[in-house]
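What follows is a set of notes on a single structure, which appears directly below.
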Amino acid sequence: MLSASIGLELGGERVELLAHRALWVPARRRVVVADVHLGKEATFRRAGVPLPRGGLEATLAALDHLVRATGAAELLVLGDLIHHADGLTSEVRERVVAWRSSQPVPIRLVRGNHDRAVDRVASAWGVEVIGDHWREGGIVWVHDPGEAEEGIAHVGGHRHPVVRASGPAEAMRFPCFHLGARGSLLVLPAFSRFTGGLPVRRRRGDRVFAVVDRGVSASGLLEVPARGTVDRGRRG
């Protein structure tokens with residue numbers, strides 16, 4: 001089990017933020033990610049953008065490590081499992097099928113805006129598509145947190161939230177978890193490393209947890225103070 005995490009109470013449920021850009025729900029043995037974007041590199045290459053290979057392998061390896069390290073009984077993806085129909089090449093399809101043969105953890109998908117073609121591969125990949133939102137107990141799992149209802153906790157992705165560094169490294173941005181709406185809305189960082197990011201817009205009472213390297217924080221997570229940035233010189 002991964003030892004480094006930050007625990008929160010959300011919708012009456014204990015959840016843990018992981019530096020692996022994921023959320024752990026211990027009572028359900030569920031690990032949750034958002035914005036995986038499988039096939040994104042293939043999509044760009046088909047459009048004539050020369051990108052090196054290896055992104056798909058890195059993403060699958062990261063998912064595999066996450067599932068094995070947590071001992072998860074289920075992987076929940078909050079939208080954008082895939083990037084685009086053009087990225088569902090035979091190579092991508094076959095590689096994910098091969099990965100699923102060695103990693104058979106049940107996968108549930110809350111459909112995201114990039115998942116229009118996911119039905120083409122869901123069965124072969126062993127993915128259960130459960131619509132664009134899923135309410136379970138005191139939490140609604142969604143892709144786009146902008147569609148959150150008032151009065152109930154929501155967890156989503158879509159925004160690829162990031163926070164910038166301070167000092168000489170100010171141009172750097174770190175993926176982050178954004179806990180807003182008075183503690184009732186949690187936005188996860190994009191799981192894919194091959195994505196852009198939207199800087200968080202904080203309101204009073206919001207909390208932001210940056211995913212940083214272990215030299216900055218031993219846990220790989222650092223809470224950013226209100227109106228603050230990630231201090232690259234900090235050790236904690």
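Beyond 34 Å, what share of the Cα-Cα pairs of the chain is found? Please give it as a whole percent. For the chain, the fraction of Cα-Cα distances above 34 Å is 12 percent. Which shape class, rounded, prolate or oblate, goes with the range 1-116 when its Cα gyration tensor gives a ≥ b ≥ c as root eigenvalues, a/c under 1.5 marks rounded, and past that a/b bigger than b/c marks prolate? Prolate, because a/c is 1.5 or more and a/b exceeds b/c.
With each label modelled as a point 7 angstrom along the Cα→C-beta vector, the Glu150-Ser123 pair spans 4.4 nm. Rounded to the nearest 20, the Cβ-based charge dipole of the range 1-117 about its Cα centre (Lys and Arg +1, Asp and Glu -1) stands at 160 debye. By the beta-carbon count within 10 Å of each Cβ, the least crowded to most crowded order of Leu198, Leu38, Leu10, fewest first, is Leu198, Leu10, Leu38. Taking the Cα centre of the chain as reference, the dipole from Cβ charges on Lys and Arg (+1) and Asp and Glu (-1) amounts to some 620 debye. Among beta bridges identified by DSSP and lying wholly in the chain, the antiparallel ones come to about 60 percent.
Label positions at Asp213 and Arg29, each projected 7 Å from the Cα along the C-beta direction, are separated by 3.6 nm. Modelled spin labels at Met172 and Ala69, positioned 7 Å past Cα toward Cβ, are 1.9 nm from each other. Dipole orientation for the chain: of the candidates Val212, Val129, Pro175, Val212 has the Cα lying most toward the positive pole (charges on Cβ; Lys, Arg +1; Asp, Glu -1).
Values in this text are rule-based calculations from the coordinates and carry no lab data. Computed from a predicted model, the values in this text were never measured in an experiment. Ideal geometry is used to build each Cβ from the backbone, glycine not excepted, and the neighbour counts take in all protein chains shown.
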